[in-house]
1. Of the residues B:112, B:142, B:118, B:151, only one is open to solvent by less than 60 Å² (accessible area, probe 1.4 Å), modelled with pLDDT under 80 and out of contact with any strand residue (DSSP E or B) (no Cβ under 6 Å at 6 or more places or on another chain); which?
2. If a residue has to be in a loop (DSSP other than H, G, I, E, B) and crowded, with 17+ Cβ neighbours inside 10 Å to count, how many in the range B:174-208 make the cut?
3. Among all residue pairs at least 6 apart or on different chains, which show Cβ distances below 7 Å where the first residue, located in the range B:179-198, is more than 12 Å from every other protein chain (Cβ to nearest Cβ) and the second is aromatic (Phe, Trp, Tyr)?
4. So which residues in the range B:23-38 are facing another protein chain (nearest Cβ under 7 Å) and in a helix (DSSP H, G or I), if there are any at all?
5. Just to be sure I understand, how many residues within the range B:39-87 are surrounded by fewer than 21 Cβ atoms within 10 Å (Cβ to Cβ), in a helix (DSSP H, G or I), of a type in the set (Lys, Arg) and facing chain A (nearest Cβ under 10 Å)?
6. Search the range A:47-67 for residues being open to solvent by 50 Å² or more (accessible area, probe 1.4 Å) and modelled with pLDDT of 90 or more, and hand back the single one that is farthest from residue B:145 (Cα to Cα).
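The values are calculated or read from the model by the stated rules, or taken from the named source; none is laboratory data. Since the model is a prediction, treat every value here as computed from it, not as a measurement. So basically every Cβ, Gly included, is an ideal-geometry build from the backbone, and we count neighbours across all protein chains shown. Quick note on the areas: whole protein, heavy atoms, side chains included, nothing else; ligands and nucleic acids left out. Shrake-Rupley method; radii C 1.70, N 1.55, O 1.52, S 1.80 Å.
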Amino acid sequence: MKTTPTSQDRCRALLEELSRFIDGELTGAERRSMVRHLHSCPCCQHLAHGLKQTVDLCQKAGATRLPGDLRTRARARITMLLASGAPARRRS
Amino acid sequence: MTKRADVNPSGKGRVGGRGTDYAALVIAAQSGSQAAMERLLMQSQEVAYRFSLLVCGHADDAEDAMQEALLKTYRHAGQIKAPEAFRTWLYRTVKNACLVSRRRRAHEPAQLASLDELMPTADGAIRIIDVEDPGRRPDQVLENRRLRGTLRAALQKLSPEHRLIVFLREVEGLSTKEVAGVVGVSEANVKTRLHRARLFLRQQLEAP
C-alpha cells in the first residue's frame, strides 16, 4: 500500500537539517524549502528560533573573561616567563 | 601570500578566542614582537580557563591548566613551522592539559545524556532566550547571568565528547574541520553530534 508522508514526517525530516540551515550550509533549493516550511509551521519555526538562540548563547560564552585575580596572576606568569629566557624565535 | 604579522597584536577590543588571528600572532611572535607573544600567551591561558569552566566544569582546576597551556605555548610558538596549524595545536594541548590526568569526580552527573537516541520533536512553544549583551537593564543582566549558569549546567549533562564539540565549535568558533582534527573524528560525525547537542541544550535551556 502506497503511503504519503505526513506533516509530522515532513517536520522530522526538516528538523534533522536545522543545524545545517542555521550554519548556512543548505543549498539554495534546500534553504527555500526550509523557509517555506518554517513559514507554514509555527512549531518548527519556534524550534528553529530556539535552536538559533541556543547557538547564540553558546557563542556569547566564548566572550567569558578571566576573573580579575586570575587575570592578574596570568599576566604575572607571562612577565616572569618572558623575563626568564630568550624570546621564542623561528628555528632557522 | 604571507599574512601580515602585525595584526592587532595587543588584542585590544577583542574578547575571547573568536576572531583571533593566531597565525598572524605566531608569525609576529617569531619575528620578535613581544606584544604578539604576550597576546598568544594570554590567549592560551584564556582558552584553558574557558575549557576548564565549560568542558571540565571545574573552575578550580583552571589555574593548573592555564599554567600548562602557558608553558607549552611559549615552548611551541618559536618552533612551529606552519603558523596556520597553531590554533588546532593549542586546543589539542589545552584538551590534554585539562583532561588527560583528570579523574572522574564524585560530583559529576552520574548519567550523561545519550544524545544519539535523542530525536527532535516539534512540540510545545519556546520561550525566547535573551542573549543580548548585559548592561542595559538590571533584569536583563540577571537573566543573562541565569542563562549562562543554566548553559554551564546543561553542558555538564552532555557526554564529554559532545561537550567538547560544542565548546570548540560554538564557544570557540573553530571550523568543523578544525573540530574534527582536535577531537579525532570525521567532519560528518562532528556535525551529527553538534546537532544532537544543540537540540539537547535548547531543551535544557527551556526547562522551567
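1. Values: B:112 fails: open to solvent by less than 60 Å² (accessible area, probe 1.4 Å); B:142 fails: open to solvent by less than 60 Å² (accessible area, probe 1.4 Å); B:151 fails: modelled with pLDDT under 80.
Going through B:112, B:142, B:118, B:151 in turn, the sole match is B:118.
2. Number satisfying all stated conditions: 1.
3. Short answer, once both residue conditions are applied: B:182/B:91.
4. B:29, B:30, B:34, B:37, B:38
5. Residues in the range B:39-87 being surrounded by fewer than 21 Cβ atoms within 10 Å (Cβ to Cβ), in a helix (DSSP H, G or I), of a type in the set (Lys, Arg) and facing chain A (nearest Cβ under 10 Å): 1 in total.
6. A:49
Conditions (1) at the interface with chain B (Cβ under 7 Å from one of its Cβ atoms); (2) touching a residue at least 12 places away in the same chain (Cβ under 8 Å); (3) not in a helix (DSSP H, G or I), marked per residue:
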{"position": "A:26", "(1), (2), (3)": "no, no, yes"}
{"position": "A:45", "(1), (2), (3)": "no, no, no"}
{"position": "A:50", "(1), (2), (3)": "yes, no, no"}
{"position": "A:53", "(1), (2), (3)": "yes, no, no"}
{"position": "A:65", "(1), (2), (3)": "yes, no, yes"}
{"position": "A:80", "(1), (2), (3)": "no, no, no"}
